[in-house]
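The values are calculated or read from the model by the stated rules, or taken from the named source; none is laboratory data. Here the structure is a predicted model, which is why all the values come from computation and not from measurement. So basically every Cβ, Gly included, is an ideal-geometry build from the backbone, and we count neighbours across all protein chains shown. In case anyone asks, the SASA skips ligands and DNA or RNA and just uses the protein heavy atoms, side chains included. Shrake-Rupley method; radii C 1.70, N 1.55, O 1.52, S 1.80 Å.
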Amino acid sequence: MSAVEVNFDGLVGPTHNYGGLARGNLASAANAGGPSNPREAALQGLAKMRRLMQLGLTQAVLPPHERPHVPSLRKMGFGGSDADVLRMAHSASPLLLSNASSASAMWTANAATVTPSADASDGRVHLTPANLSSHLHRSIEAQTTTRVLKAIFADEKRFAVHEPVPFAVFGDEGAANHCRFAKIHGARGIELFVHGRSALVKETGAFPARQAVEASHIVATTHTLGWGSFMLAQQSRKAIDAGAFHNDVVAVSNENVFLCHEDAFENRAVLLEQLVARCEALGFRLHVLEAKADEISLDEAVKSYLFNSQIVTLPHSGSGGGGMALILPHEVEETPRAKAYVDRVLASNGPIREAHYLDLRQSMRNGGGPACLRLRVVLTDDELSALGAGAILDEAKIAALEDIVRRNYRDRLIVADLADPSLLDESRKALDEIGQVLKLGPVHDFQRD
Ligand code: SUG
């Protein structure tokens, strides 16, 4: 079946800030409390979307969420007007307000896990919004994400948008811990669900392992994947403790290509052997482009975000036979051994032929690279034309979003600004305008009251 991969990037929100909230995410910790530039952040993200469109790819966007999230603060017992809620939350605990104010929904690799219809036994596209229960500031994303996905993937004959994984103890971080391999996007593939721990076993290690194997299993079975269509793998403790809080910091796949670090997984040799065999059974050879630990250390991988690149199949060369491009952050160019690795991949005459380096520094400072910023959804032509809302981008929509950002977003924000009621008003105005461009309907709580 012919199908394309659509990247749904998260639009950076008007309150993008550096709260230092994410444990095990070294960039988030290093930049805690520093000033952010939401306008620049959003424009950098939109420039990436435009660049992918210029490469001939189908690009879509998901909206920012309301932040500070007043309904969450009200649930915590703060009352009165919205301005009162902000003021009281700030004086009670700036950290609490900060948790209700992260623009983290921008990293849509954590919005959901997606199974294309080619893999699912019931022939539908399945989406499970991530519960993100490992961190308070992210756990409040699931409800709005579910509404947004239901607005876009509304046609229940073709799409199934499930509820997030139940039981907070079963932490699910979405597609950041999910890889898919197939001869071409539209063919039946094998899906790899990566976890860091079992929710039933006491954790050890410097940093939390966010994804529970129980959550991965629930998502795989809910998506009607039969035993032959998915595998489970464990992130290595070494990688998590080096700052790979999601597997997409040390591994990325596209069709028949797997780019990963040697220390990404526990039992790596067995995993790779089984994966190669499964791909062979589906009729294609898997190209494993593994970076050895002595070529690139885990520290260099985490610092540069080499493996958080996007690998995209370029339409002009047709899927499967080659012609892929890497979309990388500038930080890779600035890390000599990571850049040398990319150059070797390009020179190897394999499927990856091009590398594009982009400036995503505002997002990178919070630990979000190119791959974090996008949710991949493989869609057939029929599914593409059945999408609700107007999330698929064209040049006019990108220009309209840039205009909204330039008019409404601030160019400097520090955590103390989050208590400012006028920031909330500005943000809601921007969200209303974005919703109109994307024809989303009332997905935010403030639009539904
Ligand atoms: O969950 N950072 C995010 C970055 C997510 C990146 N996504 C993927 N790897 N797919 C996180 O750690 C920091 C927010 C703050 O500190 O204010 C944050 O949540």
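Apply 1/(1 + (r/R0)^6) to the Cβ-Cβ distance of Ala92 and Ala206, taking R0 = 25 Å, and write down the FRET efficiency to the nearest 0.05.
0.25
Over all directions, average the projected area of the Cα convex hull of the chain and note it in nm².
With every direction weighted equally, the projected area is 19.2 nm².
Would you mind checking which residues have amide H under 5 Å from Leu358's amide H? H placed 1.01 Å from N; only 5 or more apart, or other chain.
Residues meeting the criterion, in which the H sits 1.01 Å from N, are Leu328, His330.
Can you tell me what share of the DSSP beta bridges in segment 305-391 is antiparallel? A percent to the nearest 5 is fine.
40
Can you compute 3J(HN,Hα) from phi for each residue in segment 369-378, using the Karplus curve 6.51 cos²θ - 1.76 cosθ + 1.60 with θ = phi - 60°, rounded to whole Hz and x for Gly and Pro?
So the Karplus estimates, Gly and Pro as x, are x, x, 6, 5, 7, 9, 9, 8, 9, 7 Hz.
Run the helix sum for the chain: -39,500 (n - 2.57) per DSSP H stretch of 4+ residues, divided by residue count, reported at 222 nm to the nearest 500 deg cm²/dmol.
-9500 deg cm²/dmol, from helical runs alone.
May I ask you to compute the full-extension gain from Glu402 to Lys157, defined as 0.36 nm times their residue separation minus their alpha-carbon distance, rounded to one decimal in nm?
84.8 nm
How long is the gain from His330 to Ser198 if the chain were fully straight, where each residue apart is worth 0.36 nm and the alpha carbon distance is subtracted?
44.0 nm
Past 21 Å, Cα to Cα: identify those pairs from Lys397/Lys439; Lys292/Lys339; Lys150/Lys439; Lys157/Lys183; Lys75/Lys150, in the order given.
Lys157/Lys183; Lys75/Lys150
Which percent, nearest 5, of DSSP beta bridges in the chain are antiparallel?
Once the DSSP bridges in the chain are tallied, antiparallel ones form about 50 percent.
Just to confirm, what accessible area per residue do you get for the chain at 1.4 Å probe, in whole Å²?
Here the residues of the chain average 36 Å² of exposed surface.
Search the structure for amide H atoms under 5 Å from the amide H of Gly19, placed 1.01 Å from N in the peptide plane, and list their residues when 5 or more places away or on another chain.
Close amide H contacts, sequence-distant or interchain: Gly33.
By the gyration tensor of its Cα atoms, with a ≥ b ≥ c the square roots of the eigenvalues, what is the shape of segment 280-410: rounded for a/c under 1.5, prolate for a/b over b/c, or oblate? Write out the running numbers ahead of the final one.
On the way: a/c = 2.29, a/b = 1.20, b/c = 1.91.
Since a/c reaches 1.5 but b/c is at least a/b, the shape of segment 280-410 is classed as oblate.
What FRET efficiency would be calculated for the residue pair Gln54, Glu290, taking the C-beta separation as r and a Förster radius of 35 Å, to the nearest 0.05?
Working: r = 31 Å, r/R0 = 0.87.
For R0 = 35 Å, the calculated efficiency reads 0.70.
Given H placed on each backbone N at 1.01 Å, which residues far from Phe230 in sequence or on other chains put an amide H within less than 5 Å of it?
HN-HN under 5 Å from Phe230: Glu191.
What aspartates and glutamates could a cross-link reach from Lys303, if we take a straight Cα to Cα line under 20 Å and drop same-chain neighbours fewer than 8 places away?
The qualifying aspartates and glutamates are Asp241, Asp248, Glu262, Asp263, Glu290, Asp294, Glu295, Glu331, Glu333, Glu334, Asp343, Asp359.
Measure off, as a whole percent, the carbon and sulfur share of the 1.4 Å-probe accessible area of the chain, all protein chains present.
Carbon and sulfur: 53 percent of the exposed surface of the chain.
Just to check I understand the Karplus step: with θ = phi - 60° and J = 6.51 cos²θ - 1.76 cosθ + 1.60, what whole-Hz values come out for segment 161-176, glycine and proline as x?
3J(HN,Hα) across segment 161-176, in whole Hz: 9, 8, 6, x, 4, x, 6, 3, 5, 8, x, 10, 10, x, 5, 5.
Taking a point 7 angstrom from the Cα of Val276 along the C-beta vector, which residues in segment 221-261 have backbone N less than 15 Å away?
Within reach of a label on Val276, which here means backbone N under 15 Å from a point 7 Å along Cα→Cβ, segment 221-261 contributes 257-260.
Could you give the length gained by full extension between Ala340 and Ile414, i.e. 0.36 nm per residue of separation minus their alpha carbon distance, to one decimal place?
Contour length minus the Cα-Cα distance gives 23.0 nm.
So if R0 is 22 Å, what FRET efficiency would Ser81 and Lys429 give, r being the distance between their Cβ atoms, rounded to the nearest 0.05?
The pair Ser81/Lys429 has a calculated efficiency of 0.80.
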